[in-house]
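What follows is a set of notes on a single structure, which appears directly below.
The values are calculated or read from the model by the stated rules, or taken from the named source; none is laboratory data. Quantities reported herein were computed from a predicted structural model and do not represent experimental measurements. Here the Cβ positions follow ideal geometry from the backbone for every residue, glycine too, while neighbour counts run over all protein chains shown. For the accessible areas, the whole protein counts, side chains as well, though only heavy atoms, and no ligand, DNA or RNA atoms are used. Shrake-Rupley method; radii C 1.70, N 1.55, O 1.52, S 1.80 Å.
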There are 2 protein chains.
Amino acid sequence: MGKKTTIYDIAEKLNITAATVSRALNGNSKISEKTRKLVNDTAKEMNYEQNKLALALKSGKSFNVGVIVPRIDTNFFASVIRGIEDELHPNGYHVIICQTHDQENLEIENINSLLNAQVDGILMSISNSKLETNQHFQKLLKKGVPLIFFDRKKDIAGVSSVTIDDFKGAYEATQHLIDQGCKRIAHYSSNRDILIFKNRYLGYKQAIIDNGLEFDETLVIETISKIIEGRKITKQLLAMKNPPDAIFSVSDFTALGAIEEIKAHGLKIPEDISVVGFSNEPFTRFMELSISSVDQSPIEMGRISAQVFLEEANNSKKIKSEKQVVLSPELIIRDSSLKSKVLVDN
Amino acid sequence: MGKKTTIYDIAEKLNITAATVSRALNGNSKISEKTRKLVNDTAKEMNYEQNKLALALKSGKSFNVGVIVPRIDTNFFASVIRGIEDELHPNGYHVIICQTHDQENLEIENINSLLNAQVDGILMSISNSKLETNQHFQKLLKKGVPLIFFDRKKDIAGVSSVTIDDFKGAYEATQHLIDQGCKRIAHYSSNRDILIFKNRYLGYKQAIIDNGLEFDETLVIETISKIIEGRKITKQLLAMKNPPDAIFSVSDFTALGAIEEIKAHGLKIPEDISVVGFSNEPFTRFMELSISSVDQSPIEMGRISAQVFLEEANNSKKIKSEKQVVLSPELIIRDSSLKSKVLVDN
């Protein structure tokens, strides 16, 4: 093997200064994106291997960013992570992922583990738990490690967030069911201490009220995002004297459980009971009976979260800024809730 | 808040020595599992917060373990990770995850990132690429960081692995299709530089030969694990003069693409064409037409990989040991390949 490529070799080849090469490789925002790309591409061509540990010691940066999600095996979270990676890789950052399985102790321990791993920032969706302490978040803020919430957030001063308009998504899904003639719409909710689930509940409730329908709290059921849970609560609802004629679920997985259970009872979807889920997981599209759902633009959510992190990380003046980005959801109407084909064209 | 709990408080409560508490909290294998559990539970009860960074400095351990997978959003890899976490958490370790998206540069960069994050070991499934260098693996071995391959492995001296018997899984799947009367069985393969795909190909081929059928290399197609790719190659196969009457795919995703394409051509499954996938992804079970597949016991694979890591990490004598664990696959027969119901009871 030949001699190792240095930043001086790259600088010579591109006819720029070594300092510029160094800054470009480190994702310094003062260097134009075009130059950064050129330097990175050239470095790759020349098999330049950055000594990240030396770099970390010199800059005080590890170029590792931690991402914490409740679970990695849903398309939604996997896609957000994909968006984060797409945005951070060209800037020289690597992404390391932890999952909480919605356990509060794991949320705290993951933050500690990532701090020990010297990450430069943490992007996270909080766990679906009734955790009251914010100490673990405050610890990050005190250390000056940027923290950005996506999707599942808490309102904490100094923490930016990227979410979708969950109220709107839920309102539109419920309005669609009402437009299809549904009058008794059940809502499969989740832990409403978490804002996204609270807002979806409020959007659902408001649509019911705005349309002059009766709001029946017994049709609102708090559950967790699992197929088996969807089956269980649907079985209970179908045993009611006056069962619902539609279900709006905050989770595609419980929506799928509902569909399985409704079919098992010999009822027709959407004629007898219409179903709308949330998240637009891929299986909703490729099922024999495709499932209506609310798309959350997860890749864009990830990209924007990463951009917010980069802004904070590159903010040399350490001016505290807090961004609340809210994306717009999109209702995708499919077989499970479409009674009259005419409405598709609206 | 009261005074912070120390290991001495835990020792006093349990009437054991502080040294034992410390060892138990650090997952030392000399302490019985029962005691470790008792200490951990008591520590949790008493809100004991371990100073991991101090611990890391003292022991030279970070108690972080890196897991590298091609992608996080398949049930197979997510389940392996679940198994790893289940085994490592009670031993005081945390799991941080990276994905390669089957890109060789990301495989190398992920290893560097995890090394910079000071992980105590790396458990990984190699990327689906034609990477010829083993330098990044050798780097780990030289630093004495345990490396364990699961599922997708390379044969490297000093590296343990946990895999399933892919040859057997493929042989049994193909034999099942032959038992159903199929005579022209296509094989959707993947990069055969990776042992698991090579072995599945060999198992398929051997079953064809052992049954006296004609082995037709044009029916073996190398593809990548995506629904869209499955559709594409199936479209090509269906345009053949003499199309296949069965497909055995190394991926459930390409199998699903095949099913969509076969249906789009108005052909019947399994009557006209039978399909068997590999991995037993959850969607194979809950599809309207359920898909036959080969189960790989991913949670067990993860658990055993973690056990192999713990053995190496706790091996104070630094005796080099290399373990090759091979699990047995299980063929799950479902609608997509079951022509005669009688055979179910066999």
- Pull up the cross-link candidates among the aspartates and glutamates for A:Lys183, meaning alpha carbon to alpha carbon under 16 Å and not fewer than 8 places away within one chain. A:Glu172, A:Asp210, A:Glu214, A:Asp216, A:Glu217, A:Asp245, A:Glu271, A:Asp272
- Could you tell me the distance between the Cα centroids of the stretch A:217-238 and the stretch A:103-179, to the nearest Å? 25 Å
- Task: Rank A:Ser225, A:Cys182, B:Ile196 by how far each Cα sits towards the positive end of the charge dipole of the protein assembly as shown (+1 on Lys, Arg Cβ; -1 on Asp, Glu Cβ) and give me just the farthest.
- Result: B:Ile196
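Two decimals is fine: what's Rg over Rh for chain B, C-alpha atoms, Kirkwood radius as Rh? All intermediate terms of the calculation are to be shown ahead of the outcome.
Values: Rg = 23.8 Å, Rh = 22.1 Å.
Result: Rg/Rh = 1.08.
Rounded to the nearest 500, what is the 222 nm mean residue ellipticity of the protein assembly as shown from helices alone, with -39500 (n - 2.57) per DSSP H run of 4+ residues and division by all residues?
Working: 26 runs with 296 residues, N = 692.
Only helices count here, giving -13000 deg cm²/dmol.
If you take the accessible area of A alone, add that of B alone, and subtract the area of the pair, what total do you get in Å², probe 1.4 Å, to the nearest 100?
Details: alone 16900 and 16950 Å², together 30510 Å².
So the total buried area for this chain pair works out to about 3300 Å².
Per Stokes-Einstein, at 4 °C and 1.567 mPa s, what whole-number D in µm² s⁻¹ belongs to the protein assembly as shown, with the Kirkwood radius over Cα pairs as the hydrodynamic radius? Before the final figure, lay out the partial values.
Numbers: Rh = 27.4 Å.
It diffuses with D of about 47 µm²/s by this estimate.
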- What are the GluC sites (Glu not before Pro) within the stretch A:87-174 that DSSP puts in a loop, where the Cβ has at most 12 other Cβ atoms within 10 Å? A:Glu132
- Query: If the limit is 24 Å between Cα atoms, which of A:Lys198/B:Lys226; B:Lys232/B:Lys268; A:Lys142/B:Lys13; A:Lys226/A:Lys323 go over it?
  - Reply: A:Lys198/B:Lys226; A:Lys142/B:Lys13; A:Lys226/A:Lys323
- Item | Using a 7 Å Cα-to-Cβ projection, A:Ile156 label spacings across copies, nm, ascending | 3.7
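State to the nearest 20 debye the size of the charge dipole of the stretch A:99-175 about its Cα centre, where the only charges are +1 on K and R beta carbons and -1 on D and E beta carbons. Display every interim value, and only then the final one.
Numbers: 8 positive and 11 negative charges, 61 e Å.
I would put it at about 300 debye.
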- Message: Can you tally the net charge around A:Leu237? Count Lys and Arg as +1, Asp and Glu as -1, for every other residue whose Cβ sits under 13 Å from the Cβ of A:Leu237.
- Response: 0
- Query: When you look at the Cβ of every residue in B:95-101, what mean number of other chain Cβ atoms sits within 10 Å?
  - Reply: 6
- For the stretch A:166-296: accessible area per residue (Å², 1.4 Å): 38 Å²
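Taking the Cα centre as origin and putting +1 on Lys and Arg beta-carbons and -1 on Asp and Glu beta-carbons, what dipole magnitude results for the protein assembly as shown, to the nearest 20 debye?
Working: 88 positive and 90 negative charges, 490 e Å.
Approximately 2360 debye in magnitude.
Would you work out the charge dipole size for chain A about its Cα centre, treating the Cβ of every Lys and Arg as +1 and the Cβ of every Asp and Glu as -1, and quote it to the nearest 20 debye?
The calculation lands at about 1220 debye.
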- Inter-label distance for A:Ala264 and B:Asn211, nm, one decimal - labels placed 7 Å from Cα along Cα-to-Cβ: 3.4 nm
- Query: Going toward the positive end of the dipole of the protein assembly as shown, with +1 on Lys and Arg Cβ and -1 on Asp and Glu Cβ, which of B:Leu106, A:Gly158, A:Phe286 do you reach last?
  - Reply: A:Gly158
- Task: Using a 1.4 Å probe on the heavy atoms of the protein chains only, list every residue of the stretch A:105-149 that has 40 Å² or more less accessible area in the complete assembly than in its chain alone.
- Result: A:Ser113, A:Asn116, A:Ala117
- Place the label 7 angstrom along Cα→C-beta at B:His101 and in each other copy, then list the distances from the first to the rest in nm, shortest first. 2.9
- For A:Asp102, which sequence-distant residues (separation of 5 or more, or a different chain) have an amide H within less than 5 Å of its own amide H, given hydrogens modelled in the peptide plane? A:Asn128
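With a cut-off of 8 Å between alpha carbons and a minimum separation of six or more residues, what is the relative contact order of the stretch B:166-296 in percent? Write down the numbers at each step before the final one.
Details: 238 pairs, mean separation 32.0, N = 131.
Reported relative contact order: 24 percent.
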- Compute the separation of the alpha-carbon centres of the stretch A:11-50 and the stretch A:263-316 and state it in Å as a whole number. 38 Å
- Item | Descending semi-axes in Å of the stretch B:57-199, equivalent ellipsoid built from Cα gyration tensor | 32, 17, 13
- How many nanometers, to one decimal and shortest first, lie between the label point of A:Met240 and those of its other copies, if labels sit 7 Å from Cα toward Cβ? 5.4
- Leaving ligands, DNA and RNA out of it, report the carbon-plus-sulfur percent of the accessible area of the protein assembly as shown at a 1.4 Å probe. 51 percent
